[in-house]
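To keep things clear, I will list the structure first and then write my remarks on it.
The values are calculated or read from the model by the stated rules, or taken from the named source; none is laboratory data. As the structure is a prediction and not an experimental result, all values here were calculated from the model. Every residue, glycine as well, gets a Cβ built from its backbone with ideal geometry; the counts of neighbours run over all protein chains shown.
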Amino acid sequence: MQSNSALSVRLMNLFRLQDLDILIREASDPELKSSEEKMGFAHPHLDKLQAARERLLETIDKRDLRLYQKIAKRLTHAIVPVEDRTCLGCYIGLPTSAVSLTTDPDQLLTCENCGRILYWLE
Ligand SMILES: [Zn+2]
């Protein structure tokens, strides 16, 4: 249902940032790292991930970045899908008024309960 392409690109960039942040967190965790190495998984280089993150940051809207960082500080997944008008981050139903906000092409929708950035499952 995401018809506005500019907004889709912004969401996609935030997604990529979220993915990198999760990978960086995993690569920085010595316990997790050693257990994965034991299983034979080679971890991508932390500095490579961080360089990719730096490049990505240049393409992200400053307001979107501030919003993302505020959420990512306390939650692993800052961006979650909505299904049946329910936020799949906190499982609280969204009021109809919040759902209609998505008609604003510049507005990223956030959950009124947990504050996560929301996107619509097709
Ligand atoms: Zn929520």
(message) Name the single residue that is modelled with the highest pLDDT among those in region 63-107 being basic (Lys, Arg) and within 15 Å of the ligand (Cβ to nearest atom).
(response) 70
(request) Taking the options 59, 110, name whichever one is surrounded by fewer than 14 Cβ atoms within 10 Å (Cβ to Cβ) and at pLDDT 85 or above. (result) 59
(request) Could you pull out every one of the helices (runs of 4 or more DSSP H) wholly within region 15-77 that has 1 or more residues that are of a type outside the set (Phe, Trp, Tyr) and within 20 Å of residue 119 (Cβ to Cβ)? (result) 46-57, 62-72
